[in-house]
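Working notes, beginning with the structure itself.
Any read-out appearing in this document is the output of simple, stated calculations on the displayed coordinates, not a laboratory observation. The shown structure was predicted, so the numbers you read here are calculated from the model rather than taken from an experiment. Glycine gets a Cβ as well: all are built from the backbone with ideal geometry, and neighbour counts include every protein chain shown.
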Amino acid sequence: MTVNDPMTPPPELVEQWYLDGPENDELGLVEYVATQAACWGADQELLACGKYLERCATWEEEDVTEMYNYRRPRPLSLKEQALQALNRFMATDGHEGCTAEDIEDDYYLIRKAVESLSN
């Protein structure tokens with residue numbers, strides 16, 4: 001691959017990954033940088049596919065946006081996670097099948113969400 005290859009991350013980005021990676025763990029650093037590079041390359045390919053599809057007559061902008069959101073879903077917010085945990089508490093079977101650790105995790109998730117609310 002050449003430096004001008006659109007699938008090659010810019011050197012500044014690779015340097016940032018290197019600086020953000022774990023210290024004193026060469027194998028962990030290599031794994032971290034490799035993972036960041038794979039994600040970056042996949043994102044570049046997805047964007048290129050989206051740009052191509054936008055040029056196609058049968059794909060509307062909303063369709064491309066929906067594809068992006070499907071392939072790269074955003075993480076749930078703290079509020080959304082807490083609501084899911086609360087719903088598990090209120091389900092008819094409660095936390096049936098859950099371990100004590102699962103229930104404790106839900107409790108602390110809800111507590112963290114409530115504590116994040118302003119007075």
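Structure notes:
- From the C-alpha gyration tensor of the chain, square roots of 5λ in Å: 37, 25, 13
- For the chain, the membrane-span-like helices by this rule, meaning whole DSSP H stretches whose C-alpha atoms cover at least 27 Å of axis and whose Kyte-Doolittle mean is -1.0 or above, are 26-55; this says nothing about an actual membrane.
- Here the relative contact order of the stretch 11-71, from alpha carbon pairs under 8 Å that lie six or more residues apart, stands at 20 percent.
- In the stretch 33-102, the GluC sites (Glu not before Pro) that fall in loop regions by DSSP, at most 12 other Cβ within 10 Å: Glu60, Glu96
- Other residues lying with their Cβ under 15 Å from the Cβ of Trp59 contribute a combined charge of -3, Lys and Arg counting +1, Asp and Glu -1.
- Magnitude of the charge dipole, the chain, Cβ model with Lys/Arg +1 and Asp/Glu -1, debye to 20: 360 debye
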